[in-house]
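S.K.: Structure in structure tokens, see below.
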Amino acid sequence: MADARIASQTPQVIRREDYRAPDWLVPEIALDFDLDPTATRVRAVLKVERNGTHDRALVLNGDGLAAEAVLVDGVEAQGWTMDGPDLVIPLTGTAHEIETVVTIAPERNTQLQGLYASSGMLCTQCEAEGFRRITFFPDRPDVLSRYKVKMAGDKARFPVLLANGDPIAQGDAGDGRQWAEWHDPFPKPSYLFALVAGDLVANKGQFTTMSGRSVDLGIWVREADLPKTDHALHALKLSMAWDESVYGREYDLDVFNIVAVDDFNFGAMENKGLNVFNSRYILADPDTATDYDYDAIAAVVAHEYFHNWSGNRVTCRDWFQLSLKEGFTVFRDQSFSGDQGSKAVKRIEDVRGLRASQFPEDSGPLAHPVRPDEYIEISNFYTATIYNKGAEVIRMMSTILGPQKFRAATDLYFDKFDGTAATCEDFVRCMEEAGGVDLTQFRRWYSQAGTPRVSANLTQEGGRARLKLAQSVPPTPGQPVKEPMVLPLKVKLFGGITGRPMCDEQLVLLKDAAQEIVFENLSETPVLSINRGFSAPVIVETNRTAKDLAFLSAHDDDPFARYEAMQQLMLDTLVAAVTSGKGQHDAVIEAVRNTLADSALDKAFVGEAVLLPSDSFIGDQMGVVDPDAIFAAREALRAELGKALEGEWRAAYDGAQANRFEYSPAAKGARRLKNVALGYIAASGADDAAALAFGQFEAADNMTDRQGALSTLVNGTSDRREAALSAFYQRYQGNALVLDKWFQTQALSAREDTARAVEALASHPDFTLANPNRARALIGAFSVNQRAFHDISGRGYRFVADQLIALDRLNPQTAAKLVPPLGRWKRFDAGRAAKMRAELERIVATPGLSKDMFEQASKSLD
Ligand code: PHE
Ligand code: ZN
């Protein structure tokens with residue numbers, strides 16, 4: 001444990017420009033595990049080869065390991081030393097066999113990196129640098145090895161033994177123990193190693209690949225969870241077929257296994273042939289999982305499966321290239337999800353996510369490019385920028401190339417770099433080569449941080465209109481001056497009277513700081529539709545009036561653009577209300593009324609379109625965020641929408657009542673709209689709102705409706721609130737994933753007493769920091785509840801800092817991920833900012849702080 005900690009004063013900064021090819025390669029490794037929760041012995045035999053001509057020693061990374069034996073070519077090694085946590089072995093020849101033995105204690109591993117215990121099973125998590133907590137190894141992604149894994153353990157405790165690749169043999173080891181051996185024929189970096197031992201059962205399936213090979217699929221869970229695995233298995237089969245038809249990529253092993261574990265730092269992990277998942281992204285049935293959960297499960301199953309090509313067959317040269325696999329794979333999973341239902345609604349959800357998580361990151365102290373230049377702890381760079389902005393960068397290239405050339409470019413990339421560790425630059429070169437385009441300037445998307453701003457002004461003189469475009473990229477830490485970016489903007493004009501399109505959609509590539517486009521022969525006043533489909537991940541400011549926006553929200557032929565127009569109208573209205581203290585709500589009410597009345601629209605879309613922008617997104621538009629004024633303005637608009645359209649909301653609510661649960665795009669859309677309508681009915685102050693919500697809560701045959709009703713009640717003051725909370729708790733006691741929802745719903749409450757309530761919940765017997773899902777459900781959710789977290793007393797800040805300091809002792813990676821909300825102090829008034837800073841300073845001054853937390857908290861102070 002001590003090795004993961006550093007003195008706060010001496011963080012080592014790793015720089016991209018310092019990259020050097022590995023001194024030693026390891027073409028083969030054989031691992032032998034003697035599994036035991038308190039003392040697992042790991043014997044590793046490495047075939048090492050000197051890479052190039054040099055006389056440098058072999059350095060094997062370790063983290064908290066002590067070598068019990070070191071052998072070179074079968075003989076006890078002489079002259080090996082420890083360099084901090086690493087093992088250094090001087091070698092004379094060009095190729096040797098190295099053997100080491102260590103003992104590790106999975107049960108005491110609370111960091112959940114390396115080999116650890118979770119609900120009685122043993123499992124591994126190695127990305128990014130966890131393998132070095134298992135055995136001594138050059139733990140970097142450009143060292144690719146063939147793995148042979150043998151493991152032995154207690155038969156009753158660990159009846160199932162899994163690893164990467166194909167099962168080779170198994171047998172009895174005597175003394176109530178058994179062993180199993182797995183070989184992975186594909187060379188892979190150490191971060192993709194995995195092993196699982198536990199009392200598990202599988203939902204088994206089969207998939208025949210495009211070339212006719214049969215693959216055995218298994219979703220491994222505790223026996224009681226088996227009925228909740230059909231959705232994940234189905235999503236896996238859909239993903240395998242999708243990657244064949246859309247990217248021409250076929251699966252390459254005879255087995256593909258997924259294991260669900262309860263304690264997991266991230267969502268899931270793409271280990272070769274043995275994906276390990278946070279159980280929340282596997283387990284679903286109508287009674288316990290919402291539609292959102294079902295969708296997320298399919299998306300994460302797809303994401304990890306797609307990594308088999310974008311990540312595993314072609315991996316990353318170094319961790320600065322992380323977006324090479326993550327941005328591309330997010331883009332692939334987003335496309336997959338769009339193909340399963342409504343593309344427009346999926347795009348709306350993804351853009352909302354980008355604005356909620358990536359835009360704030362890009363405008364704050366932790367802003368970094370999609371391909372970072374330096375880091376202290378790589379775990380801190382599994383960010384929305386690497387993942388989601390990275391996906392937008394790939395999407396822009398696919399837009400610029402068009403579908404055929406983009407496919408040719410990905411084919412080229414996969415073929416050329418198969419079996420190697422590649423860079424973002426390699427990917428862009430394939431786009432250039434197959435696309436016949438020059439992406440020199442476009443590469444700035446990889447190097448410049450910050451969200452570009454575009455101003456778009458349309459003016460008309462007679463039959464001619466001029467669109468004046470200008471762009472700028474704000475300064476970010478370490479990057480005071482920015483160069484213009486390449487911004488692919490999809491643009492279209494609509495007749496302001498007839499609503500008819502006045503031109504085909506154009507793809508404008510804005511490359512200069514300013515640019516002008518002229519439209520001729522216009523027969524009526526045009527209205528501008530721009531950044532359609534969110535073709536560039538930028539902030540667009542236009543000279544469109546409330547009337548223009550309301551018009552587009554009803555007439556644009558791109559559903560995403562309709563949604564955007566509505567959002568912009570709502571945002572303008574709310575920002576004006578916050579700054580002036582009074583709201584002009586009529587245009588919003590009319591636009592929402594029109595959307596609700598348009599029977600041609602699908603319900604899922606309507607449910608999204610009529611939602612007001614979140615408190616934090618409104619805050620992001622302001623120079624100084626006033627959480628209370630924002631909350632008040634938003635509630636006032638909600639109440640007015642609720643009242644003015646009460647009949648419409650009730651009609652939408654009744655019209656969306658499905659009588660039996662079904663997981664289909666239409667049924668999901670109906671539930672979405674129904675729960676949004678319920679929220680507005682409650683916001684209207686209607687006397688029967690709590691009764692309506694409680695009735696829904698009790699009658700629901702699915703979690704979407706039950707949790708939707710619970711959220712509405714939890715925001716209010718009715719005495720049915722407590723009744724619903726305790727009924728929910730009683731019903732799901734013992735179901736960890738649903739209890740997470742119970743904590744999270746309360747942490748997200750719009751009530752004034754939420755900060756106090758959350759403090760009390762932290763002492764609830766079911767609360768624990770040891771489980772990352774539970775910690776995130778309470779602390780993570782609370783800290784994005786703008787009004788509650790920023791309670792003027794500062795108690796929210798103090799509470800979160802206390803929890804993070806405690807969590808850091810157990811699990812630095814999960815703790816560090818929760819720092820950013822405190823780092824947004826610059827955006828708040830002086831009083832709040834001082835309190836937030838004081839908590840960050842307290843964190844940084846904590847003795848024995850992890851380097852994960854040190855990096856996040858100290859950078860947040862700048
Ligand atoms: N590579 C994993 C994913 O995207 C994320 C992850 C990172 C999981 C680090 C665990 C640890 O899909
Ligand atoms: Zn990923």
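What follows draws every value from the coordinates through simple rules; no lab data is involved. In this text the structure is predicted, and so the values were computed from the model without any measurement. Heads up, the Cβs are rebuilt from the backbone with ideal geometry, glycines too, and the neighbour counts pull from every protein chain shown.
S.K.: Name the lysines eligible as straight-distance cross-link partners of Lys603: C-alpha to C-alpha under 29 Å, and not fewer than 8 places from it in the same chain.
M.R.: List returned: Lys228, Lys237, Lys343, Lys346, Lys389, Lys490, Lys492, Lys547, Lys643, Lys668, Lys674, Lys741.
S.K.: What's the center-to-center distance, using Cα atoms, between the stretch 192-235 and the stretch 258-322 in Å?
M.R.: The two parts, judged by their Cα centres, are 13 Å apart.
S.K.: To the nearest 500 deg cm²/dmol, what mean residue ellipticity at 222 nm is calculated for the chain from DSSP H runs of n ≥ 4 alone, each contributing -39,500 (n - 2.57), summed and divided by the residues?
M.R.: Numbers: 28 runs with 326 residues, N = 862.
Helix-only estimate at 222 nm: -11500 deg cm²/dmol.
S.K.: Let me ask something else about it. For the stretch 756-862, just the Cα atoms, rotate onto the principal axes and tell me the three extents in Å, largest first.
M.R.: 37, 31, 18
S.K.: Given contacts defined as C-alpha pairs under 8 Å and at least six residues apart, what's the relative contact order of the chain, whole-number percent?
M.R.: In percent, rounded to a whole number, it is 9.
S.K.: Follow-up question, since we're still on this one. What's the Cα-based Rg to Rh of the stretch 174-233, Rh via Kirkwood?
M.R.: With Rg and the Kirkwood Rh in hand, the quotient comes to 1.03.
S.K.: Follow-up question, since we're still on this one. What percent antiparallel are the DSSP beta bridges of the chain, to the nearest 5? The partial results should precede the final answer.
M.R.: Values: 99 of 125 bridges.
That works out to approximately 80 percent antiparallel.
S.K.: May I pose another question? Give the percent of DSSP beta bridges with both residues in the stretch 453-543 that are antiparallel, rounded to the nearest 5.
M.R.: Just about 85 percent of them are antiparallel.
S.K.: Here's something else I'd like to know. Once a ≥ b ≥ c are taken as the square roots of the eigenvalues of the Cα gyration tensor of the stretch 317-446, is the result rounded (a/c under 1.5), prolate (a/b larger than b/c) or oblate (a/b not larger than b/c)?
M.R.: The shape class here is oblate.
S.K.: Summing +1 for each Lys or Arg and -1 for each Asp or Glu, what net charge is found among the other residues whose Cβ lies under 14 Å from the Cβ of Asn659? Please list the in-between numbers first.
M.R.: Working: positive: Arg660, Arg671, Lys674; negative: Asp654, Glu662, Asp701, Asp705.
With Lys, Arg at +1 and Asp, Glu at -1, the net is -1.
S.K.: Measuring from a point 7 Å past the Cα of Thr208 along Cα-to-C-beta, which residues in the stretch 225-264 have an amide N at less than 15 Å?
M.R.: 241
S.K.: For the stretch 494-582, which trypsin sites (Lys or Arg not before Pro) are in a loop by DSSP, counting at most 12 other Cβ atoms within 10 Å?
M.R.: Here the sparse-neighbourhood loop sites are Lys582.
S.K.: Ok, one more. Taking a ≥ b ≥ c as the square roots of the Cα gyration tensor eigenvalues, with a/c under 1.5 meaning rounded and otherwise prolate when a/b beats b/c, else oblate, which class fits the stretch 412-482?
M.R.: Oblate, because a/c is 1.5 or more while a/b does not exceed b/c.
S.K.: Here is a further query. Could you tell me the relative contact order of the stretch 770-841? Use alpha-carbon pairs under 8 Å, at least six residues apart, and round to a whole percent.
M.R.: Reported as a whole number, the value is 29 percent.
S.K.: Using alpha carbon centroids, what distance separates the stretch 384-430 and the stretch 781-847, in Å?
M.R.: That distance is 37 Å.
S.K.: Taking square-rooted eigenvalues a ≥ b ≥ c of the alpha carbon gyration tensor, is the stretch 134-248 rounded, prolate or oblate, where a/c under 1.5 means rounded and, failing that, a/b exceeding b/c means prolate?
M.R.: oblate
S.K.: Let me ask something else about it. Could you name the lysines in cross-link range of Lys47, using Cα to Cα under 22 Å and dropping any fewer than eight places away on the same chain?
M.R.: Output for Lys47: Lys148, Lys150, Lys188, Lys272.
S.K.: Points 7 angstrom from Cα along the Cβ direction at Ala639 and Leu71: gap in nanometres?
M.R.: The answer from the label model is 7.8 nm.
S.K.: Got a sec? How would Ser664, Ser398, Ser472, Ser239 order by Cβ neighbour count within 10 Å, fewest to most?
M.R.: If I rank by nearby Cβ atoms, fewest first, I get Ser664, Ser472, Ser398, Ser239.
S.K.: Sorted by average packing, counted as other Cβ atoms within 10 angstrom per residue and highest first, what order do 224-230, 53-59 take? Before the final figure, lay out each step's value.
M.R.: On the way: 224-230: 16.7, 53-59: 13.0.
Highest to lowest by the protection proxy: 224-230, 53-59.
S.K.: Consider just the alpha-carbon atoms of the chain and return their Rg together with their Dmax, both in angstrom.
M.R.: Final numbers for Rg and Dmax: 27.6, 92 Å.
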